[in-house]
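Before any comments, here is the structure.
The values are calculated or read from the model by the stated rules, or taken from the named source; none is laboratory data. None of these values were measured; they are calculated from a predicted model. Quick reminder, even Gly has a Cβ in these numbers, built from the backbone with ideal geometry, and neighbours come from all protein chains shown. What goes into the accessible areas is simple: the full protein's heavy atoms, side chains included, and nothing from ligands, DNA or RNA. Shrake-Rupley method; radii C 1.70, N 1.55, O 1.52, S 1.80 Å.
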Amino acid sequence: MKEFAKLAVDTAVFKGASYADIRIINTKTENYFLRNKSVSQLEKNNNLGFGIRVIADGAWGFAASAGLSKEEIQMTAARAVQIARASSLTKNKNLVLSSAGAHEDHWRTPVEIDPLKISSEEKLKVLYKTQEEMFKVKEVKVAESHLTIWYYDKYFASSSGSFIRQEIYHLGAGIKAEAVDADDMQTRSYPCTWGDCISGGYEKFLEMNLAENAYICAEEARALLKAPVCPEGKKTIIIGGSHLSLQIHESCGHPTELDRALGSEANYAGTSFMSIDKLNKLKYGSDLVTITADATYPGGAGTFGYDDEGVKAKKTYLIKDGSFTGYMMSRETSPVLGLESNGCMRADGWQNIPLVRMTNINLEPGDITLEDLIASTDDGLYIDTVKSFSIDDKRLNFQFGTEVAYEIKDGIKGKLYKNATYWGITPEFWGSCDAVADKNSFKVWGTANCGKGQPGQAMHTAQGCSPARFRNVQVKGYKI
Amino acid sequence: MAVLQKENVLGILKDAVKDKSALVELYFQERASSTTRFANNTIHQNISVKDFQIHCRYIEDGRAGVASTNCFTRDSLTELVSQARSLAKFSQKDPYLSGLPEKADYIKLENFDDEARDATPEYRAGIVKGVIEKIKKHNLNCAGQVTTTTLKDAVVNTNGVSCFHPSSRVNFTLTVMDEASSGYSEENSFSIVDFKIERAVDKAIADCLNARGAQEIEPGIYEVVLEPLAVAEMIGNLSMLGFSGLDYEEGTSFFSGKLEQRVFGENITIVDSPFDRNMCGLPFDFEGFPKKDLTFIENGKVVNIAYDSYTAKKYKKENNGFAIPLEHRQWCGPLPFNLKLMPGSATKEELISSVKKGLLITRFWYVRTVDKKKTIVTGMTRDGVYLIEGGKIKHPVKNLRFTQNIADALAKVDAVSKDPGYTGEYFLTAAPAVKIKEFNFSSKAKH
């Protein structure tokens, strides 16, 4: 691999590149998906290719190709330089990159049980059991169970002198029950909507205890059919971890991507209300809100050794005690702030260029137990599990919906409601946070399908949190 | 990478399915795509990719396994079939997995453009340079992208299905921005010759300038004129929520139990139109079943639902050619990808002039489902909202969030304009502008 990588970089430099890097990625994927007791998908995928990124005449070019051969490497490197030269037709100034350093390293996701070595039969046995359990509830008309494993064997080399190999294991799994009656259809998911996505081995799948929770999941879907619609009004809400992770993703993760704040995504994903003039000035949330981007945090879908520019994984404070203090950055964007990259460039495969992407975006836990958080709430709702989500192109106006909402009255969690939605404006919402549960209920939740870029890319990201309480939030239940 | 011709591709694929002792299907795609992307009036990302994907589905005795790769050689396909076969034995028997489409002729579709294939990085950069220069003359900022793509899709199976189709697509999107206003436009075609960049640039500039000075407006229910991009977004969402035969039969679709019933206004006809060349579609589905234009909603009445070979067998319906790519079949059933809301006879100006008090909406963004069965979705307006009073555009207003039942909206369409716009990231939807009596805006944005 080193030989191919060196050939790519050398060819690009020979053709006139002032900088070049290559990612060679061999990906193995296994996908198991059961639907209504049938195997809807039982698939193994192998994918190999490389992408070469260069700067020539002060501008970027990128070319990528499937397979791996000396001839293809040379042609693709030359094409990348040609593309960079074409880019320079519109440049205002030459690109300046902050340093990545030169690293030679081999990083691997810590794994106890290699998921690729477990038989398909073994994996399916767990999933079939979840189906059996969910269909014990007669109102369940659709039951889905899935497990997906990704293994990325990535090589990165650059003209700065880096050669890094990373073996990264991701695993996604979950179940969903849809209960239907004459008037309504309700869904309940476990451990979260679309399943959780983590980095680690097969042991992580076993820890999810899908089969043990399948019947409860189905029962809750059934209960939702007859549950009353969530009442409307300004409410105190405690948001459970799996839903709060999406709130963090959409309203903090995305607006603190520096490329977005600088306008890179204006035609597609949007810009950010957290513009660079607001850095170290904007009060984003209450003093209890501290959020970091941390690729070093173990076990998250945003955990790695080096980003896709060869920058070592780091932890950065995005929000500290409610104040906006940092962005996720790249080698190209960080110099705008006079800073070094903090290693947040990630690409969806060899076919795509890296973009500034979330890593593990963690809301630091507070100092109250979840039980005390609920007990200290006189009148409110406990809501959880994503049902709907939408936010504007600056990441300000949002509206989210959850699968469940439970009434809290005099500190006791009780009555179940359905069709709860809530909306707000990001800094006003986070400013209303008056409690965050402690580390005992902290968990890092993964998202397998974060979209960005043109052409579109999907990325695995993670958001860690404990449940948290917000005051005076507009809530509405949709009647059907 | 060698240029692969039809005979090469089909020859290699057919060799891999020579053994007829089981049902085997191979789907092949070669993709060459280049995108020149720009922001802040400069090219900031510029990429070119060549890739393959080959999916093998192996079915024996009602058990299926799937394997996929991006390596297109005889040896890799032999390995692929073997891998799919070994996975199939772990699957539980499914009585409806007992057949694949039979060999059949498909209608020829010409939507491949040699100029799109030969477009160079310099050509795309030249387009972008011209766009930026025009926009800079107005002291405005722009962001966008131009993409040229060629695809070769093929399906073969052990029943003799042998389909091959080359296609191309040229796509341009543009956002023009001022301090507090923006305009957006989009062009899609299979051919560079039909590509009307100037029209798109002029529209985005005009919209940006017209959107200056946007005032706040309170949310509520308004009469609206939706421009084609906004309507296409609604139609695309409706398809995902309702047209799948799987959802229909399981009772989770809005259309479940409503076949042959009138559910929308009589002025609503929705057709799947893969043979409209600007749809950049395929003449066969992803199982190689021949496609034809098919009406789903006729004058407001539900007349068809989408099926593939599996759902047709399971629910005793006719396969009508809507099998989706294998890697997505776990998440949803058969779906139409080339939907068109048929145009009416009015002009957009006539729609606007008939509004006493309402809103003109350019497009929607980040539209997501609130309630699937009732087709309630929520999303934002973006890049231009205007107050209409007394049939005239009064002034621009700030963005709003809508939360609306799509089916209800389509039942309240007063008028349909005559000129469709085409839009879509992966598959295209076409729609004209429409005027809707009541549309619900649930909250407001700050910009």
Legend entry - residue A:88 vs. criteria over 24 Å from residue B:69 (Cα atoms), assigned to a helix (DSSP H, G or I) and not hydrophobic (A, V, I, L, M, F, W, C): yes
Inset, instruction - Assess whether residue B:139 counts as being more than 19 Å from the chain's Cα centre (by Cα), assigned to a loop (DSSP other than H, G, I, E, B) and on the phi < 0 side of the Ramachandran plot. - result: no
Inset, instruction - List the number of the failed condition for residue A:139; all other conditions in (1) touching a Lys or Arg at 6+ places or on another chain (Cβ under 6 Å); (2) open to solvent by less than 30 Å² (accessible area, probe 1.4 Å) hold. - result: (2)
Legend entry - Of the criteria (1) closer than 23 Å to residue B:52 by Cα; (2) within 21 Å of the chain's Cα centre (by Cα); (3) in a strand (DSSP E or B), which one residue B:144 fails: (1)
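Taking residue A:232 as the residue in question, decide whether it is within 12 Å of chain B (Cβ to nearest Cβ), open to solvent by 10 Å² or more (accessible area, probe 1.4 Å), among the acidic types (Asp, Glu) and in contact with a Lys or Arg (Cβ under 8 Å, 6 or more places away or on another chain).
It is true that residue A:232 is within 12 Å of chain B (Cβ to nearest Cβ), open to solvent by 10 Å² or more (accessible area, probe 1.4 Å), among the acidic types (Asp, Glu) and in contact with a Lys or Arg (Cβ under 8 Å, 6 or more places away or on another chain).
Considering the range B:216-241 alone, what residues qualify as being more than 14 Å from residue B:383 (Cα to Cα) and part of a strand (DSSP E or B)?
If the condition is that a residue be more than 14 Å from residue B:383 (Cα to Cα) and part of a strand (DSSP E or B), then B:220, B:221, B:222, B:223, B:224, B:225 are the ones that fit.
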Inset, instruction - Determine whether residue A:42 is surrounded by fewer than 18 Cβ atoms within 10 Å (Cβ to Cβ), touching a residue at least 12 places away in the same chain (Cβ under 8 Å), within 11 Å of chain B (Cβ to nearest Cβ) and closer than 30 Å to residue A:146 by Cβ. - result: no
Legend entry - Test for residue A:5: is it over 21 Å from residue A:355 (Cβ atoms), at pLDDT 95 or above and surrounded by 22 or more Cβ atoms within 10 Å (Cβ to Cβ): yes
Legend entry - Complete set of residues in the range B:422-447 that are assigned to a loop (DSSP other than H, G, I, E, B), open to solvent by 10 Å² or more (accessible area, probe 1.4 Å) and out of contact with any helix residue (DSSP H, G or I) (no Cβ under 9 Å at 6 or more places or on another chain): B:425, B:426, B:446, B:447
Inset, instruction - Would you check if there is a residue in the range A:217-226 being buried (at least 24 other Cβ atoms within 10 Å of the Cβ), more than 14 Å from chain B (Cβ to nearest Cβ) and either at pLDDT below 95 or closer than 25 Å to residue A:403 by Cα (or both)? - result: yes
Inset, instruction - Tally the residues that are open to solvent by 10 Å² or more (accessible area, probe 1.4 Å) and either of a type in the set (Phe, Trp, Tyr) or more than 7 Å from chain B (Cβ to nearest Cβ) (or both), restricting the search to the range A:74-90. - result: 5
Inset, instruction - Please enumerate the residues belonging to the range B:98-131 that are open to solvent by less than 70 Å² (accessible area, probe 1.4 Å), away from chain A (no Cβ under 13 Å) and of a type in the set (A, V, I, L, M, F, W, C). - result: B:100, B:104, B:109, B:112, B:116
Legend entry - Counted residues, the range B:1-18 - those being within 23 Å of residue B:97 (Cα to Cα), open to solvent by 30 Å² or more (accessible area, probe 1.4 Å) and in contact (Cβ under 8 Å) with a residue 12 or more places away in the chain: 1
Inset, instruction - Could you check, for the range A:354-363, whether at least one of its residues is outside any loop (DSSP other than H, G, I, E, B), closer than 20 Å to residue A:53 by Cα and more than 16 Å from the chain's Cα centre (by Cα)? - result: no
Legend entry - Some residue of the range A:58-73 being of a type in the set (A, V, I, L, M), in a loop (DSSP other than H, G, I, E, B), open to solvent by less than 40 Å² (accessible area, probe 1.4 Å) and more than 7 Å from chain B (Cβ to nearest Cβ): no
Inset, instruction - Select from the range B:29-47 the residues that are surrounded by fewer than 23 Cβ atoms within 10 Å (Cβ to Cβ) and either more than 7 Å from chain A (Cβ to nearest Cβ) or closer than 24 Å to residue B:153 by Cβ (or both) and list them in ascending order. - result: B:29, B:30, B:31, B:32, B:33, B:35, B:41
Legend entry - Looking only at the range A:428-480, and only at residues there that are among the charged types (D, E, K, R) and in a strand (DSSP E or B), the one that is most open to solvent (accessible area, probe 1.4 Å): A:471
Legend entry - Matching entry among B:414, B:408, B:419 (being under 30 Å from residue B:146 (Cα atoms) and open to solvent by 20 Å² or more (accessible area, probe 1.4 Å)): B:419
